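Have a look at the structure below before the remarks.
The values are calculated or read from the model by the stated rules, or taken from the named source; none is laboratory data. No experiment lies behind these values; they were computed from the predicted model shown. So basically every Cβ, Gly included, is an ideal-geometry build from the backbone, and we count neighbours across all protein chains shown. Heavy atoms of the whole protein, side chains included, go into the accessibility calculation; ligands, DNA and RNA do not. Shrake-Rupley method; radii C 1.70, N 1.55, O 1.52, S 1.80 Å.
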Amino acid sequence: MTGAELLRETFEIQGRDFDKAGEISSEIKVTLLDLGIPAESIRRSVVIAFEAEMNVVMYADKGTLTFVLTEEEVKLDICDEGPGIADLELAFQEGFTTASDEMRELGFGFGMGLPNMEKNADDLRVETEVGKGTSVYARIRLNTHG
Amino acid sequence: MNELTHGFRIEAEKCHGCMACMRACPTRAIRVKKGRASVIPQLCIDCGSCLAACSTGAIAAATVGFAELDKFKYKVAVVTPALYTQFPLKHAPAQVNRALRELGFDAVWEYAVDIELIDLAIRKYVKNWSGPFPLISNSCPVVVRLVQVAYPTLVNQLIRVDAPRETAARELKRRYSKKLGLEPSEIAAVYIAPCQAKTISILQPAEGGGSSLDGSVGISEIYNDLLSILRRGPAEDDPAGNGNGSSEWFHWGAPEGEFPSLSQEHYLPLLGLSDIIKVFNDIEKGKIRNIDFLECHACQGACIGGNLTVENLYVARTRNLRLISGLSLPSQAMGDEIARRLSEEDFSLRAPILPRNVEGRDIDLRDRVARKKRADAMMKTLPGLNCGLCGAPSCRNHAEDVSLDRAETVECVFLSRDRIDVLRTIYKKTARGD
Ligand code: SF4
Ligand code: SF4
């Protein structure tokens, strides 16, 4: 169903490194742009990658982002060894955030992370365990329209 | 894909191969091979950075010549507000208009009404927009082209409202054909332009539709003539002008003034390509929030600093502020005219703006990936020095050029040392002085 895997790359995300935050999503954008992926699919992939990257940077010590391109979709798997999410339903509500005031002053943690990812993914799955970490699996179809 | 029209010519004989243009180009559209610069047309966004960087005069802006306009029976100048900032303030806008008529235009269109109308249309568009924010202004052709080439994900965020210069051209043709009994095709709407990018937007609109303007004349092209007319001419009334003296159009040439009536809180003026690129990168990630509208001008100082303007940017800016401070309130007649046209006209773009088809993106995805892998592998063999001696601005660009069969691996001086000798002979011939 997902077609053959054409490209796979794994990036390390450094927690608490706000200075470098966003570099991985930029790199993914450049790759997708070079490959001539439809604009709308790039836009959605980049938003998801950025939100995921930010979540790891904000809450975890470290994590990884795996980017996979198949003939039909972009897969983004983001796994971290962070605190986990206690109430997943709550975390999917727009505006809900556990970010500190400091983070928000920096412009992060407006509680848009998961809702924004959900909005932009064709399929989004979250696995989380308090004290262990969180994994987000996102799928973005390579749609030619839009 | 149609042949792309660009606003620049590179005259090979004058080019010294110094690479200044290659390094200045924001979209990496220039290559310098065998000591001569050339442009990859699909990547060029007509920003003029190469023109500004070229010290030998090899890169020249192309505008539509004045003479070509003679085939029209009636010529109307549509004047960028930036023009009025180019002359000392004692030469009031009305006198500049008179000088334009003396130069050969039959009338001068003051498009305060058009600007006001587009302002209203944009506000309505922003209010009704349900897609992702921020919306991006499309009045600077360079910004539109930058989005098409480097930010295809944002094309839908370019606002699909006409530019005032276009609605002005349509309206003036209606008006004068009725008044003079001429066919619209016998009337020329000629834009007095601050940059060649606007000329290109007339010759080849980004959205693929047509332009209602018939051509453009760069400010620098007629500057000396206008100035000498102004110097000898007495102050006079402006009998043939169609304006009402409200001078409202001055907002439009100014930074932070394109849409003065939009909410200040949710609108952001952006000047200069490098700042625009930074902000666009952040928009793509979804990092810019709570901004409804971005007013973007590729030039520092907006159109007042366009590459076909003459006056020092800061002198012109001061004059612009003085002109704005002298604004009077819009007249009743102007208000009536706005209300009339608002109810009768459609201000949306005639065709959608699409991403530009950049070379090599049209083959099978599998092949594109294979090509990228080839470029990545080649990158590992290159020094990462970005010296430019291969003719591409960076090692990455060289690797990509090779993967696109646009260059040969051996052009890198690190990979084949005899390249240095080739270059030595080329540059010995072209170097002047020392
Ligand atoms: S006009 Fe701008 S984009 Fe085009 S080649 Fe020159 S510097 Fe590059
Ligand atoms: S800001 Fe104005 S002058 Fe400069 S490129 Fe854009 S339209 Fe032309």
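For region B:286-322: of the residues being within 14 Å of chain A (Cβ to nearest Cβ) and open to solvent by 20 Å² or more (accessible area, probe 1.4 Å), which is farthest from B:L83 (Cα to Cα)? I'd like the intermediate steps shown before the answer.
First pass over region B:286-322, keeping only residues within 14 Å of chain A (Cβ to nearest Cβ): B:286-291.
With the extra rule that they be open to solvent by 20 Å² or more (accessible area, probe 1.4 Å), the set shrinks to B:287-291.
Details: B:K287: 37, B:I288: 34, B:R289: 36, B:N290: 35, B:I291: 31 Å.
Residue satisfying both the conditions and the ranking: B:K287.
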Filter result (open to solvent by 20 Å² or more (accessible area, probe 1.4 Å) and either more than 14 Å from every other protein chain (Cβ to nearest Cβ) or of a type in the set (F, W, Y) (or both)) within region B:344-377: B:E344, B:E345, B:D346, B:S348, B:L349, B:R350, B:A351
Tally, over region B:138-193, of residues that are more than 14 Å from chain A (Cβ to nearest Cβ), more than 16 Å from ligand 1 (Cβ to nearest atom) and not in a helix (DSSP H, G or I): 16
Some residue of region A:11-26 being surrounded by fewer than 20 Cβ atoms within 10 Å (Cβ to Cβ), in a helix (DSSP H, G or I) and within 14 Å of chain B (Cβ to nearest Cβ): yes
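From the residues in region B:10-31 that are within 8 Å of ligand 1 (Cβ to nearest atom) and assigned to a loop (DSSP other than H, G, I, E, B), which one is farthest from the other protein chains (Cβ to nearest Cβ)? Before the answer, list the steps.
Keep residues of region B:10-31 that are within 8 Å of ligand 1 (Cβ to nearest atom), which gives B:21, B:24-30.
After this cut, where a residue has to be assigned to a loop (DSSP other than H, G, I, E, B) as well, the list is B:25-29.
Numbers: B:C25: 17, B:P26: 15, B:T27: 12, B:R28: 12, B:A29: 15 Å.
Out of the qualifying residues, it is B:C25.
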Condition broken by B:A37, with the remaining ones in (1) under 12 Å from B:G215 (Cα atoms); (2) modelled with pLDDT of 90 or more; (3) open to solvent by less than 20 Å² (accessible area, probe 1.4 Å) satisfied: (1)
Failed criterion for B:S49 (all others in (1) crowded, with 20+ Cβ neighbours inside 10 Å; (2) away from ligand 1 (no atom under 16 Å from the Cβ); (3) farther than 21 Å from B:S212 by Cα; (4) hydroxyl-bearing (S, T, Y) hold): (2)
Complete set of residues in region B:382-394 that are under 23 Å from A:E9 (Cβ atoms) and out of contact with any Cys (no Cβ under 8 Å at 6 or more places or on another chain): B:S394
Any hit, region A:27-39, residues being within 7 Å of another protein chain (Cβ to nearest Cβ), open to solvent by 40 Å² or more (accessible area, probe 1.4 Å) and assigned to a helix (DSSP H, G or I): yes
Unmet requirement for B:D421, which otherwise passes all of (1) free of Cβ contacts under 8 Å to residues at least 12 places away in the same chain; (2) under 30 Å from B:Q157 (Cβ atoms): (2)
Single unsatisfied condition, A:K75 versus (1) crowded, with 21+ Cβ neighbours inside 10 Å; (2) within 27 Å of B:F133 (Cα to Cα): (1)
In region B:199-221, the residues that are part of a helix (DSSP H, G or I), buried (at least 21 other Cβ atoms within 10 Å of the Cβ) and modelled with pLDDT of 90 or more: B:I219
Residue match in region A:41-56 (condition: over 24 Å from B:P132 (Cα atoms) and surrounded by 18 or more Cβ atoms within 10 Å (Cβ to Cβ)): yes
Residue match in region B:373-381 (condition: under 22 Å from B:C18 (Cβ atoms) and touching a helix residue (DSSP H, G or I) at 6+ places or on another chain (Cβ under 8 Å)): no
Pair list, Cβ under 6 Å, 6 or more apart: region B:24-36 residue free of Cβ contacts under 8 Å to residues at least 40 places away in the same chain, other residue within 6 Å of ligand 1 (Cβ to nearest atom): B:A24/B:S49; B:A24/B:C50; B:A29/B:V39; B:A29/B:C44
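Among the listed residues B:S331, B:S348, which satisfies the condition of being among the hydroxyl-bearing types (S, T, Y) and in contact with a strand residue (DSSP E or B) (Cβ under 9 Å, 6 or more places away or on another chain)? Talk me through it step by step, then tell me what you get.
On the way: B:S331 fails: in contact with a strand residue (DSSP E or B) (Cβ under 9 Å, 6 or more places away or on another chain).
Being among the hydroxyl-bearing types (S, T, Y) and in contact with a strand residue (DSSP E or B) (Cβ under 9 Å, 6 or more places away or on another chain) holds for just one of B:S331, B:S348, which is B:S348.
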Condition broken by B:Q95, with the remaining ones in (1) crowded, with 17+ Cβ neighbours inside 10 Å; (2) within 16 Å of ligand 1 (Cβ to nearest atom) satisfied: (2)
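If a residue has to be at pLDDT 70 or above, open to solvent by less than 100 Å² (accessible area, probe 1.4 Å) and not small (G, A, S) to count, how many in region A:79-109 make the cut? Give the steps one after another, and end with the answer.
Our first condition is that a residue be at pLDDT 70 or above; within region A:79-109, this holds for A:79-94.
Retained after the next criterion (residues that are open to solvent by less than 100 Å² (accessible area, probe 1.4 Å)): A:79-80, A:82-88, A:90-93.
Checking the rest, the ones that are also not small (G, A, S) come to A:79-80, A:83, A:85, A:87-88, A:90, A:92-93.
Count: 9.
Can you give me the ranges of the strands (runs of 3 or more DSSP E) entirely in region B:32-111 with at least 2 residues that are closer than 16 Å to B:K198 by Cβ and either within 16 Å of the chain's Cα centre (by Cα) or more than 16 Å from ligand 2 (Cβ to nearest atom) (or both)? Step through it out loud before you land on a result.
Working: elements: B:36-39, B:59-61, B:74-79, B:107-109.
Per the criteria, B:74-79.
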